[in-house]
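Notes follow the structure.
The values are calculated or read from the model by the stated rules, or taken from the named source; none is laboratory data. What you see is a predicted model, and the numbers here were worked out from it, not measured in a lab. Here the Cβ positions follow ideal geometry from the backbone for every residue, glycine too, while neighbour counts run over all protein chains shown.
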Amino acid sequence: MTPVDRALDRVREGRAPDAAEAALLLGLDEARLPPLLAAAAAARDRGRGRRVTFSAKVFVPLTTLCRDYCGYCTFRKDPGAPGASTMTPEAVLALVQAGERLGAKEALFSLGDKPEAIFPEHRAVLRRLGHRTTLSYLRAVSELVLTKSSLLPHANPGVMSERDLSALREVSASMGIMLETTSERLLGPGLAHDRAPDKVPARRLKTIALAGKLQIPFTTGLLIGIGETHAERVDTLLAIRDLHERHGHIQEVIVQNFRAKPGIRMRDWADPALPDLQRTVAVARLLLGPEMNIQAPPNLMAEGYARLPEAGLNDWGGISPLTPDHINPEKPWPLIRELARVTEAAGYELRERLAIYPEYARRPEFMDAAVRAAAARLAGADGLVRPELETWRAW
Ligand code: SF4
């Protein structure tokens with residue numbers, strides 16, 4: 001019996017693979033994929049039932065400036081470059097209220113990391129807006145969204161200190177930072193995280209741990225296909241598992257696949273293929289357990305996302321009725337009716353969730369009072385969006 005046979009036997013018996021076995025499973029050839037996928041799908045069914053969720057959101061690119069230069073990013077801009085912008089509070093509110101009219105429930109703030117650290121132009125913009133840091137400005141606009149709309153803010157601004165997290169917690173339903181990878185190797189010259197000080201794994205792990213200490217429902221995940229090895233991918237998943245075991249605050253884990261595009265340093269890299277994404281979703285499910293919410297964005301694997309529920313996924317992430325995916329603008333969201341059709345064809349019910357997952361929405365210690373009240377207005381008895389507010393079927 002080979003080590004791969006042993007690893008497959010173990011997952012067939014419903015047990016989690018160890019680190020070495022998980023790395024072997026990530027390299028499984030396509031012909032041997034079915035038992036791995038079946039084990040992961042069975043675990044998902046045990047823990048999450050036959051339901052796949054999504055969040056109706058508005059994507060708010062608060063600032064496209066960033067002090068990092070990740071090799072795969074088209075979102076970030078330097079001041080003065082085409083597309084460089086910082087939204088005013090009025091623009092944020094107008095966007096969020098337009099989304100509200102279409103039935104969105106989440107305002108996802110995506111922004112570059114600490115641009116004021118290297119760009120005096122951004123410091124001047126912040127000064128005009130009455131702030132010293134981007135994170136203080138983010139808190140102010142999050143509060144605006146919470147008080148002037150029905151949407152729940154979800155902040156995704158990069159590395160944060162305990163003080164930043166604590167201030168944002170008062171006005172956010174949930175927060176997140178993609179761990180992406182624990183590989184320090186990828187910080188090397190010419191690699192994915194060269195010139196990206198906020199991608200030092202220890203800094204991101206610390207942010208996630210602090211969020212746990214502060215009881216913030218938290219989103220994280222890994223980015224595959226950026227030069228990491230299978231063992232490094234497993235190490236990333238195990239680091240997330242370890243943080244969740246210590247703090248119990250990881251509400252979802254995203255498995256995001258790199259996509260090559262013009263204008264990035266890694267434009268000539270190969271995209272991970274569907275089997276690679278399926279294997280990683282399945283291994284994430286087996287390592288993180290039946291209860292974890294495992295998500296993969298359908299627009300990043302438009303040619304095969306229908307095959308992801310069979311790998312153990314139970315969430316499609318945010319889908320917007322209004323805004324494009326600003327991180328991957330060339331990859332449009334699937335039509336929601338198509339997503340519902342694909343989900344139902346796989347044997348699952350599609351339901352709308354809030355930015356905060358039901359298991360956290362039920363626990364008062366995970367939300368400040370104002371956020372709790374806003375979430376209660378949107379949530380039904382099962383913690384998902386009230387059926388009468390699920391307007392997405394009309395999009
Ligand atoms: S991925 Fe995030 S941190 Fe990296 S350059 Fe883009 S916006 Fe900045």
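For segment 9-27, name all the residues that are farther than 22 Å from residue 232 by Cβ and either assigned to a loop (DSSP other than H, G, I, E, B) or in contact with a Leu (Cβ under 7 Å, 6 or more places away or on another chain) (or both). Once the filter is applied, which keeps residues that are farther than 22 Å from residue 232 by Cβ and either assigned to a loop (DSSP other than H, G, I, E, B) or in contact with a Leu (Cβ under 7 Å, 6 or more places away or on another chain) (or both), segment 9-27 yields 13, 14, 15. Scan segment 328-335 and give yes if some residue there is within 23 Å of residue 41 (Cα to Cα) and among the basic types (Lys, Arg), otherwise no. Scanning segment 328-335 turns up no residue that is within 23 Å of residue 41 (Cα to Cα) and among the basic types (Lys, Arg). Residues that are within 16 Å of the ligand (Cβ to nearest atom), of a type outside the set (A, V, I, L, M) and under 25 Å from residue 315 (Cα atoms) within segment 188-221 comprise 204, 207, 219, 220, 221, listed in sequence order. Scanning segment 99-113 for residues being more than 14 Å from residue 70 (Cβ to Cβ) and more than 15 Å from the chain's Cα centre (by Cα) gives a total of 7.
So that you can scan it fast, the table gives a plain yes or no per residue for (1) at pLDDT 95 or above; (2) under 20 Å from residue 204 (Cβ atoms); (3) within 16 Å of the ligand (Cβ to nearest atom); (4) in contact with a Gly (Cβ under 6 Å, 6 or more places away or on another chain):
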position	(1), (2), (3), (4)
115	yes, yes, yes, no
120	yes, no, no, no
123	yes, no, no, no
140	yes, no, no, no
152	yes, no, no, no
162	yes, yes, no, no
165	yes, yes, no, no
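Exactly one residue out of 391, 343 is touching a residue at least 60 places away in the same chain (Cβ under 8 Å) and either crowded, with 17+ Cβ neighbours inside 10 Å or among the basic types (Lys, Arg) (or both): that is 343.
Among the residues of segment 139-166, those that are under 21 Å from the mean Cα position of the chain (by Cα) and not in a helix (DSSP H, G or I) comprise 151, 152, 153, 154, 155, 156, 157, 158, 159, 160, 161. With respect to being within 16 Å of the ligand (Cβ to nearest atom), at pLDDT 95 or above and touching a helix residue (DSSP H, G or I) at 6+ places or on another chain (Cβ under 7 Å), residue 67 fits the description.
Looking only at residues that are among the charged types (D, E, K, R) and either part of a helix (DSSP H, G or I) or in contact with a Cys (Cβ under 7 Å, 6 or more places away or on another chain) (or both) in segment 177-214, which one is nearest to residue 167 (Cα to Cα)? For segment 177-214, the residue satisfying everything is 213. Within segment 351-365, if we keep just the residues that are crowded, with 21+ Cβ neighbours inside 10 Å and in contact with a Lys or Arg (Cβ under 9 Å, 6 or more places away or on another chain), the residue that is farthest from residue 171 (Cα to Cα) turns out to be 352.
Among the residues of segment 52-61, the one identified as under 20 Å from residue 198 (Cβ atoms) and either away from the ligand (no atom under 11 Å from the Cβ) or surrounded by fewer than 18 Cβ atoms within 10 Å (Cβ to Cβ) (or both) is 60.
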